[in-house]
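The block underneath contains the structure these notes are about, expressed in structure tokens.
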Amino acid sequence: MYEYLLLIDDCQNNAAMRHIKLLKQIFDRAVDKGYQLKNPVHKYRCKYIDPMPKPLVLEAVLKLIETDFNEQLNEYRDMFIFMCFTGYHYEELRRLEISDIFIGQDGKKWIATKRAKTEDNGAYMNRYPCYLLLLK
């Protein structure tokens, strides 16, 4: 079955394992209800391969900045780019207010927020691309 899913159905390893896992569950239910005497794939062990995500590169972010979507997608794009440059999570961005931005001793704009996950009170320099997004 695994070979069929890979060769004929053109699935990748993890997708094929997911289909086999679902098939095992269906057979287990059929055995429990008495429709089937035994599960033919009961002893098959699914082996998943951890995918290695590609890191986000600056060129991709710059291409995203230049891309124009509709109004709502532009807002989500700006939020994503802001999170890329600041390292903030969505929850922290959602709670961000104008009063969190201040001018530091160096004369640059900083963001002072309480980090959601670590409860850390920190000030982070507002990098130039982020400042442009905040102006929108």
Report summary line: Residue-ordered couplings for segment 69-81, obtained by feeding phi - 60° into the Karplus form 6.51 cos²θ - 1.76 cosθ + 1.60 and rounding to whole Hz (Gly and Pro as x), are 10, 6, 4, 5, 5, 4, 5, 5, 4, 5, 5, 4, 5
Query - Top positive-direction residue, dipole computed over segment 22-87 with Cβ charges, set GLN72, VAL57, TYR44 - result: TYR44
**Report entry** Order of TYR2, TYR48 - criterion: other Cβ atoms within 10 Å of each residue's Cβ, fewest first
**Finding:** TYR48, TYR2
Query raised in the report: For segment 102-109, in order, what is each residue's ³J(HN,Hα) by Karplus, 6.51 cos²θ - 1.76 cosθ + 1.60 with θ = phi - 60°, in whole Hz (x at glycine and Pro)?
Result: 9, 9, x, 5, 7, x, 9, 7
Query - Rounded FRET efficiency, nearest 0.05, which uses the C-beta distance separating ASP10 from ARG45 and R0 of 22 Å - result: 0.45
Report summary line: Quick note on LEU58, LEU73, LEU5, LEU93, ordering by fewest other C-beta atoms within 10 Å, gives LEU58, LEU73, LEU93, LEU5
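What is segment 1-53's relative contact order, in percent, from Cα pairs under 8 angstrom and six or more apart in sequence?
33 percent
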Query raised in the report: So, in nm, how far is label LEU73 from label GLN105 when the simple model puts each one 7 Å beyond its Cα toward the Cβ?
Result: 4.6 nm
Requested in this report: List the residues whose amide H sits under 5 Å from the amide H of THR113, counting only those 5 or more places along or on another chain, with H placed 1.01 Å from N in the peptide plane.
Outcome: GLY122, TYR124
Query raised in the report: Given labels modelled 7 Å from the Cα in the Cβ direction, how far is it in nm from TYR2 to GLU66?
Result: 4.5 nm
Requested in this report: Give me TYR88, TYR44, TYR76 ranked fewest to most by other Cβ atoms within 10 Å of their Cβ, as a rough exposure proxy.
Outcome: TYR76, TYR44, TYR88
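Read-outs: derived from the displayed coordinates by stated rules, not from any lab. Just so it is clear, the model here is predicted, and its values are computed rather than measured. Positions of Cβ are generated from backbone atoms using ideal geometry, with glycine treated the same way; all protein chains shown enter the neighbour counts.
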